[in-house]
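So the structure is just underneath, and the comments pick up after that.
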Amino acid sequence: MSLLQEQAVQMIHGLSDDNVRFLIEIIQRLMIQESRMVVEQQADGQSGIQAFERLNAAREEIRKALPEDFDPDRELEEARAERYESID
């Protein structure tokens, strides 16, 4: 048992039964909230993975619609040049 745990046990020994009961209720509430947060985080992680998988599948579908020689960097550069050529 760590020093901190020993200190907690000593403090609890000095409490009345009513205070110990109250302390147990508080600890139980904290543990429920903690476990609920863990479950929510796991669910968020799963939904994030699912969203990534949907995004990746959509990217593959979009690639099928584009020409094989499509170069997004070249397209972007050409569009910028066309749009901003009058600024120089």
Extending each Cα 7 Å along its Cβ direction at Arg59 and Ile12, get the distance between those two points in nm, one decimal. 5.1 nm
State log₁₀ I(q)/I(0) for the chain at q = 0.13 Å⁻¹ as given by the Debye formula over alpha-carbon point scatterers of equal weight, solvent excluded. -0.74
Rounded to a whole %, the carbon-and-sulfur portion of the accessible area of the chain at a 1.4 Å probe is 56 percent
Which value, in debye to the nearest 20, gives the size of the charge dipole of the range 1-84 about its Cα centre, when Lys and Arg are +1 and Asp and Glu are -1 at the Cβ? 340 debye
Full extension between Leu66 and Phe52 adds, at 0.36 nm per residue less the Cα distance, a length in nm of 2.9 nm
With r as the distance between the Cβ atoms of Met1 and Val38 and R0 = 22 Å, compute the FRET efficiency 1/(1 + (r/R0)^6) and round to 0.05. 0.35
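The values are calculated or read from the model by the stated rules, or taken from the named source; none is laboratory data. Just so it is clear, the structure is predicted and the values come from calculations on it, not from any experiment. Note: ideal-geometry Cβ built from the backbone for every residue, glycine included; neighbour counts use all protein chains shown. Surface accessibility is based on the protein's heavy atoms, side chains included, excluding ligands, DNA and RNA. Shrake-Rupley method; radii C 1.70, N 1.55, O 1.52, S 1.80 Å.
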